[in-house]
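One structure is given below, encoded as structure tokens.
Every read-out reported here was derived from the displayed coordinates using simple, explicitly stated rules and does not represent laboratory data. Note that the structure is a prediction, hence the values are computed from the model and not measured. FYI the Cβ positions are ideal-geometry reconstructions off the backbone, even for glycines, and counts take in every protein chain you see.
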Amino acid sequence: MHYPLVAIVILNFNGRKFLEKFLPSVLASTYPNYKVVVADNGSTDDSAAFMKAAYPDIELDLLGMNYGFAEGYNQALLKRQEDYFILLNSDVEVVPGWMEPVIALMEANEKLAICQPKILSYKQKDQFEYAGAAGGFIDVLGYPFARGRVFDTIEQDRHQFKTSVNVFWASGCALFAKAAVYKQLGGLYGVFFAHQEEIDFCWRAQNAGFKIGCCTESVVYHVGGGTLPKGYRKTFLNFRNSLMMLSRNLSKREKWWKIPVRLVLDGVFAIKSLFSGDFTSLKAIWNAHMAFYKWCFSKPKVKDAPNKPMSMLSGIYEGSVVAGYFIKEKKKFEDFSK
């Protein structure tokens, strides 16, 4: 049996405690043809010294500065020659046999270019984890959710998602990608820095004719908590990056009405923040919109292939997940799949 060469690349930034805790589980992987790489994003802790002392045989790629999640992975991956890349967060525990079913599924499907395992919480192993759960979906206005997680409502894993299915996006915390496709698409969009870059990447892959999957035969456990704490920076990046993603990936016809609707909905949230005294979020949303407008006028004008209408893509919820969740009180994924 042919086992393609896989590079498990862990992007580290001041994560020595996670490397110490979770690297042993990665090194216990049973897949017969893989290498582990730790790409250090300019850490200021003793991560590099720890790796050199404790794991001298593991490749350590010192990037020299903090490029963020998106460009950090590009710096680490675009120069590599393996068949598959696994973008693995440092705070993920894996189990023996976690790679085999995903690689087998992707090898059997030529167009399946990106895939994720089922992601459960490290702290509560019978619950899905926020960052991806059992595969990502998106609504017609570009709001993401997942099988097992809608906004802040996280479901218990009752094995309700037994099937491996095509989804809209795969989680960046444990993302399998065919290396040739990663390079063909130019990797993640570095301008994002962090947040929603994997959704943008998967959207571009679908526009290019590839499929995104979730292989529920594979399970990993994610500590989570995000790359950034809640606050100004995280809110700014989420709002700015979401608008950029829509502008980059929507079809021309959809773009002219969906982006204005999103801007209005952002404004509603900003007003809510104002009246609740959350001036940090208010400032972040305002600055996110200003940054989006600046980006629109400064980005290079490149004539790309036309984007596909969302109706032609996998993992689309044809309604509004915002209206369903906040007005109709739909809290579980199955409520949106009826």
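Charges at C-beta only: +1 for Lys and Arg, -1 for Asp and Glu. How large is the resulting dipole of region 223-338 about its Cα centre, in Debye rounded to 20? Provide the component values of the computation, followed by the final result.
On the way: 22 positive and 8 negative charges, 78 e Å.
With only Lys, Arg, Asp and Glu charged at Cβ, the dipole is about 380 debye.
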statement: Cα-Cα longer than 27 Å, checked against LYS118/LYS258; LYS17/LYS162; LYS111/LYS308; LYS35/LYS111; LYS35/LYS234, kept in input order, equals LYS118/LYS258; LYS17/LYS162; LYS35/LYS234
task: About the Cα centre of the chain, how large is the charge dipole given +1 on each Lys and Arg Cβ and -1 on each Asp and Glu Cβ? Please answer in debye to the nearest 20.
output: 1280
statement: The value for region 195-247 (convex hull of the alpha-carbon atoms, volume per residue, Å³) is 80
Cα-projected label distance for THR280 with ALA54, points at 7 Å along beta-carbon direction, nm: 3.1
field: Gained length - TYR293 relative to GLN81, 0.36 nm times residue gap less alpha-carbon distance
entry: 72.6 nm
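Are there GluC sites (Glu not before Pro) in region 93-153 that DSSP puts in a loop and that have at most 11 other Cβ atoms within 10 Å, and which ones? Don't skip to the end; give the middle numbers.
Working: sites: GLU93, GLU107, GLU110, GLU129; in loops: GLU110, GLU129.
Passing sites in region 93-153 are GLU110.
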- request: Counting residues in region 75-233 as N, plug N into 2.2 N^0.38 Å and put the Cα Rg over that result.
  value: 0.97
task: Please list the non-local residues whose amide H lies under 5 Å from the amide H of THR216, H modeled 1.01 Å from N, same-chain partners needing a gap of 5 or more.
output: SER164, VAL165
- line: Residues meeting the amide H criterion for GLY319 (H placed from the backbone, H to H distance under 5 Å, 5 or more places apart or on another chain) are VAL140
statement: Per GNM of the chain with C-alpha springs under 10 angstrom, the most fluctuating residue out of SER242, SER121, SER276 is SER276
query: Toward the positive end of the charge dipole of the chain, about the Cα centre and with charges on Cβ (Lys, Arg +1; Asp, Glu -1), which of THR30, ALA170, PHE236 goes farthest?
result: PHE236
query: Residue-wise, which Karplus ³J(HN,Hα) couplings in Hz belong to region 4-15, taking 6.51 cos²θ - 1.76 cosθ + 1.60, θ = phi - 60°, and x for glycine or proline?
result: x, 6, 10, 9, 8, 10, 9, 8, 10, 9, 6, x
field: Value at 222 nm in deg cm²/dmol, rounded to 500, when DSSP H runs of n ≥ 4 in the chain each add -39,500 (n - 2.57)
entry: -11500 deg cm²/dmol
task: Have a look at SER314, ALA54, VAL95 and report the one farthest towards the positive end of the charge dipole of the chain, computed about the Cα centre with Cβ charges (Lys/Arg +1, Asp/Glu -1).
output: SER314
Check: region 98-252 dipole with +1 on Lys, Arg Cβ and -1 on Asp, Glu Cβ, in debye: 380
message: Modelling each spin label as a point 7 Å along the Cα-to-Cβ direction, I'd like the ASN109/LYS234 distance in nm, to one decimal.
response: 3.1
- prompt: Excluding same-chain residues fewer than 8 positions from LYS252, which aspartates and glutamates have a Cα within less than 17 Å of its Cα?
  reply: ASP200, ASP304
